[in-house]
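Enquirer: For reference, the structure I am asking about is given below.
The values are calculated or read from the model by the stated rules, or taken from the named source; none is laboratory data. The structure presented is a predicted model; accordingly, all values stated were derived computationally and were not measured. As a convention, Cβ positions derive from the backbone with ideal geometry for all residues, glycine included, and neighbour counts pool all protein chains shown. Just so you know, the surface numbers come from the protein's heavy atoms only, side chains and all, with ligands and any DNA or RNA stripped out. Shrake-Rupley method; radii C 1.70, N 1.55, O 1.52, S 1.80 Å.
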Amino acid sequence: MKLKQISVFLENRKGRLWEALDALANAKINIRALSIADTSEFGILRLIVPDPDMAKKVLEKGNFTVKENNVVAVEVADKPGGLAEVLKVLSDADINVEYLYAFVEKSGEKAVVVLRTENTDAGIKALKTAGIAILLAEQVYAL
Amino acid sequence: MIWNKQAECMPDKELRKLQLERLKETVRRAYENVPYYKKKFDELKIKPSDITSLRDIVKLPYTTKTDLREGYPFGMFAVPGKDIVEVHTSSGTTGKPVVAGYTRGDIDTWGEVVARCLTMAGATSSSIIQNGYGYGMFTGGMGIHYGSHKIGATIVPVSAGNTKRQIDLMQDFGTTLITCTPSYALYLAEAAGEDGVDRKKIKLRAGCFGAEVWTEKMREEIESRFRILALNIYGLTEIIGPGVAHECDKKAGLHIFEDHFYPEIISPETLEPLPDGERGELVFTTLTREGMPMIRFRTRDVTTLRREPCKCGRTVVRMDRITGRSDDMLKIRGVLIFPSQIERALLEVKGIEPQYQIIVTRPRHLDEMEVQVELSNKMFSDEVKHIEEFRKKIEAHIEKSVGIRVKVTLVEPKSLPRSEGKAKRVFDKRELK
């Protein structure tokens with residue numbers, strides 16, 4: 001149910017994002033989804049890639065600080081209120097969402113959203129109970 | 001105007017004679033009454049009677065801040081406690097503070113030398129002096145206070161900070177002379193400008209600025225913004241506080257009151273005295289201090305002594321504006337800090353890499369210290385808030401243990417330059433030279 005995400009620390013410096021992506025490109029790693037959190041001084045690049053362990057190695061070799069952690073990918077109806085429906089489930093279960101971002105690719109007719117809840121297991125449980133489709137890692141990489 | 005023409009314009013020969021008399025007396029009192037000096041002199045096999053000329057001063061040992069700290073609190077006092085009427089301390093951020101003890105006579109001397117300073121800035125008994133130096137353990141506030149009393153001017157003991165009030169008082173009371181740090185003066189000028197204060201309402205004519213290193217460029221700015229004469233005042237707790245030296249309106253260096261303080265310039269490397277005109281570390285011996293005589297105190301301040309006569313008529317020696325320190329100590333908003341203190345504080349935070357850089361700047365005229373720390377894997381998280389929490393934790397810890405608010409910036413691991421030898425960790429970009 002859990003999906004591995006790679007996070008990369010980016011100092012607020014010209015060309016640093018490019019250097020990270022270039023390292024991945026050279027290792028022929030295709031990015032499935034990404035988001036960047038930015039503060040006034042640094043950024044965190046978050047990535048979903050088919051081979052997270054490999055990506056981590058490549059980035060660390062390039063002197064990046066990298067962390068692997070678990071997120072959840074859920075299917076969301078691609079219509080107004082689709083995402084709101086999912087978030088209502090979490091809100092009702094009193095689960096805090098730290099961040100989320102979307103895939104470009106669709107899963108059939110559904111949009112795919114990456115979710116990071118404060119407590120991943122509690123998040124999965126609440127989503128499952130509400131009957132929301134959680135994608136397995138293989139399904140995500142096959143998109 | 002000259003406050004004490006006799007002392008400030010004394011013919012050289014007479015001054016040397018007076019200095020020698022006073023030096024002998026100081027050395028004798030230090031030896032007889034301060035165990036620290038007795039021990040040091042005995043070790044070097046020096047007797048007070050060995051001092052027969054001013055040149056003999058080189059036989060005497062140097063005194064450092066560390067020596068004074070070891071005597072904490074009253075170990076350096078040369079008189080019984082009943083004769084001490086006031087004490088002050090240095091900021092004490094680099095360990096135990098240095099305590100300065102004053103007898104009634106010392107307070108009188110202090111008032112005298114500060115009166116000379118204020119007079120150089122045009123103060124008279126009709127002046128209204130707004131004293132923006134901090135009152136309390138810091139010597140700045142009280143020193144100016146005593147000088148103003150000596151002159152008979154009206155002192156406004158507003159102390160440091162409280163900008164709005166400073167500006168109000170300046171207008172309402174008709175302040176003619178202000179004393180504060182130069183950076184605060186600029187800040188005040190800016191704040192007054194933002195408040196739309198009419199310059200015509202301000203009667204300010206001059207300011208005595210010190211307690212931190214500043215530049216000619218800052219002087220120009222203060223002078224043009226406030227349209228006043230901005231003069232440099234120098235002093236240090238160990239010697240007496242403010243009032244050791246001050247600039248006259250010729251702005252050609254600070255006149256040292258040599259009848260009370262004997263200056264030398266030494267090489268901080270070889271510790272050998274340097275001739276006049278050469279740049280080196282300033283060393284002072286007090287000539288009249290009763291409570292705490294100081295023999296060859298190493299100030300760590302770097303300057304040059306100039307003997308050429310000044311157009312103002314004063315004969316006492318002048319020192320150049322202080323341009324730096326002979327150790328790696330930094331003065332941030334008036335607080336002395338060793339980079340090693342920052343390092344120690346950093347290493348006390350769990351999960352931190354011992355790689356850092358200190359960058360000191362002065363945006364908007366106030367010193368700011370940025371500490372760049374390499375982010376370690378342990379600190380990194382996919383969530384911004386966790387990283388921010390960690391960053392703030394480091395800031396809070398530095399503030400708690402060093403006593404100064406800094407800005408911590410996280411940088412990527414291995415991004416700070418490594419060096420084989422002594423790493424250059426401090427980048428002072430304040431352009432104080």
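Enquirer: Expressed as cubic angstrom per residue, what is the convex hull volume of the alpha carbon set of chain A?
Expert: It is 113 Å³ per residue.
Enquirer: Which residues belonging to segment A:66-87 lose at least 30 Å² of 1.4 Å-probe accessible area when the assembly is complete, relative to their chain isolated?
Expert: The answer is A:Lys67 - residues whose exposure falls by at least 30 Å² when every protein chain is included.
Enquirer: When you look at the Cβ of every residue in B:407-415, what mean number of other chain Cβ atoms sits within 10 Å?
Expert: On the way: counts 1, 1, 5, 7, 6, 10, 6, 3, 4.
Average neighbour count from other chains, rounded to a whole number: 5.
Enquirer: Of the accessible area of segment B:303-363, with the probe set at 1.4 angstrom, what percent is carbon plus sulfur? Can you show the working numbers first?
Expert: On the way: 1330 of 2570 Å².
Summing carbon and sulfur atoms, their accessible area is 52 percent of the total for segment B:303-363.
Enquirer: In angstroms, what radius of gyration and Dmax does segment A:70-141 have, counting Cα atoms only?
Expert: 11.2, 30
Enquirer: With an 8 Å cut-off on Cα pairs and a minimum separation of 6 or more residues, tell me the relative contact order of chain B in percent.
Expert: Relative contact order, chain B: 14 percent.
Enquirer: Something else about it: Taking the Cα centre of each part, how many Å lie between segment B:147-162 and segment B:353-386?
Expert: 40
Enquirer: Over segment A:70-141, what is the relative contact order in percent, taking alpha-carbon pairs closer than 8 angstrom and at least six residues apart? Display every interim value, and only then the final one.
Expert: Values: 106 pairs, mean separation 30.5, N = 72.
Relative contact order of segment A:70-141: 42 percent.
Enquirer: Once each part is reduced to its C-alpha centroid, what is the distance from segment B:65-85 to segment B:224-244 in angstrom?
Expert: Here the two parts' Cα centres lie 26 Å apart.
Enquirer: Sticking with this one: Under a Cβ-only charge scheme (Lys and Arg +1, Asp and Glu -1), can you give me the dipole magnitude of segment A:70-141 about the Cα centre, in debye to the nearest 20?
Expert: So the dipole magnitude of segment A:70-141 works out to roughly 100 debye.
Enquirer: Taking only protein heavy atoms into account and a 1.4 Å probe, give the accessible area per residue of segment B:99-167 in Å².
Expert: Result: 31 Å² per residue.
Enquirer: Can you tell me the orientation of helix A:52-61 relative to chain A, as the angle in degrees between its alpha-carbon axis and the longest Cα principal axis, to the nearest 10?
Expert: 30
Enquirer: Would you kindly derive the ³J(HN,Hα) couplings of segment A:21-37 from the backbone phi angles with the Karplus curve 6.51 cos²θ - 1.76 cosθ + 1.60 (θ = phi - 60°), listing them in order in whole Hz, with x for Gly and Pro?
Expert: 5, 5, 4, 5, 4, 5, 8, 6, 9, 8, 7, 8, 7, 8, 8, 10, 9
Enquirer: Can you run phi through the Karplus equation (6.51, -1.76, 1.60; θ = phi - 60°) for segment B:287-298 and list ³J(HN,Hα) in whole Hz, with x for Gly and Pro?
Expert: Per residue, the Karplus-derived 3J(HN,Hα) values read 10, 10, 5, 9, x, 8, x, 10, 9, 6, 6, 7 Hz.
Enquirer: For the protein assembly as shown, what is the per residue volume of the convex hull drawn over the alpha-carbon atoms, in cubic angstrom? Kindly include the intermediate steps, with their values, before the conclusion.
Expert: Details: hull volume 113.6 nm³, N = 576.
Cα convex hull per residue, to the nearest whole number: 197 Å³.
Enquirer: Considering only C-alpha atoms, what is the centroid distance from segment A:9-42 to segment A:53-68, in Å?
Expert: 11
Enquirer: How shielded is B:373-386 by partner chains, expressed as the average number of their Cβ atoms within 10 Å of its Cβ atoms? Don't jump to the answer; show the numbers that get you there.
Expert: Numbers: counts 0, 2, 4, 1, 5, 0, 2, 8, 6, 17, 9, 8, 3, 1.
If you average over the peptide's residues, the count of other-chain Cβ atoms is 5.
Enquirer: Collect residues whose amide H, placed 1.01 Å from N in the peptide plane, falls under 5 Å from the amide H of B:Phe338; neighbours closer than 5 in sequence don't count.
Expert: HN-HN under 5 Å from B:Phe338: B:Leu330.
Enquirer: Can you work out the Karplus-derived ³J(HN,Hα) for every residue in segment B:120-132? Use 6.51 cos²θ - 1.76 cosθ + 1.60 with θ = phi - 60°, whole Hz, and x for glycine or proline.
Expert: So the Karplus estimates, Gly and Pro as x, are 4, 8, x, 6, 9, 5, 8, 6, 10, 9, 8, 9, x Hz.
Enquirer: Nearest 5 is fine: what % of DSSP beta bridges in chain B come out antiparallel, could you say? Show your work: numbers first, answer last.
Expert: Details: 39 of 63 bridges.
Given both bridge residues lie in chain B, the antiparallel proportion sits at roughly 60 percent.
Enquirer: Considering the options B:Cys180, B:Thr119, B:Pro157, tell which one lies farthest towards the positive end of the dipole of chain B, charges being +1 on Lys and Arg and -1 on Asp and Glu at the Cβ, about the Cα centre.
Expert: Result: B:Thr119.
Enquirer: Let me ask something else about it. Give the long-range amide H neighbours of B:Gly241: residues separated by 5 or more places, or on another chain, with amide H under 5 Å away, using H modelled in the peptide plane at 1.01 Å from N.
Expert: Counting only residues 5 or more places away or on other chains, the set is B:Leu236.
Enquirer: Can you find, among A:Gly62, B:His365, A:Ala23, the residue sitting farthest towards the positive end of the charge dipole of the protein assembly as shown, where Lys and Arg contribute +1 and Asp and Glu -1 at Cβ?
Expert: So the residue we want is B:His365.
Enquirer: Can you give me the P(r) profile for segment B:332-428? Cα pairs, bins 10 angstrom wide beginning at 0, each as a whole percent.
Expert: All Cα pairs considered, the percentages come to 15, 50, 29, 5.
Enquirer: Would you mind estimating how fast chain B diffuses translationally, via Stokes-Einstein at 25 °C and 0.890 mPa s with the Kirkwood radius over Cα pairs, in µm²/s?
Expert: Reported coefficient: 106 µm²/s.
Enquirer: Taking only C-alpha pairs under 8 Å that are 6+ residues apart, what is the relative contact order of segment B:332-428 in percent?
Expert: The normalised contact order for segment B:332-428 reaches 34 percent.
Enquirer: So, one more: Add -39500 (n - 2.57) for each DSSP H run of 4 or more in chain B, then divide by its residues: what number comes out at 222 nm, to the nearest 500 deg cm²/dmol?
Expert: -9500 deg cm²/dmol
Enquirer: Mind listing the long-range amide H neighbours of B:Thr409? Cut-off is under 5 Å, sequence gap 5 or more, other chains count too, H placed in the peptide plane at 1.01 Å from N.
Expert: HN-HN under 5 Å from B:Thr409: B:Val371, B:Gln372, B:Val373.
Enquirer: Now for a separate question. Cα convex hull of segment B:47-188: how many Å³ per residue?
Expert: Convex hull volume per residue, Cα atoms: 158 Å³.
Enquirer: On C-alpha positions alone, give me the angle between the axis of helix A:82-92 and the longest principal axis of chain A, in degrees, nearest 10.
Expert: The angle comes out near 80 degrees.
Enquirer: Buried accessible area between A and B (1.4 Å probe, both chains summed, ligands and nucleic acids excluded), in Å² to the nearest 100?
Expert: On the way: alone 8130 and 19530 Å², together 25850 Å².
Buried area between the two chains comes out at roughly 1800 Å².
Enquirer: Counting only helical runs of four or more DSSP H residues, what would the 222 nm mean residue ellipticity of chain A come to if each run contributes -39,500 (n - 2.57) and the total is spread over all its residues?
Expert: -9500 deg cm²/dmol
Enquirer: Still on this structure: In segment B:33-106, what trypsin sites (Lys or Arg not before Pro) fall in a loop by DSSP, with at most 11 other Cβ atoms inside 10 Å?
Expert: Sparse-neighbourhood loop trypsin sites (Lys or Arg not before Pro): B:Lys45.
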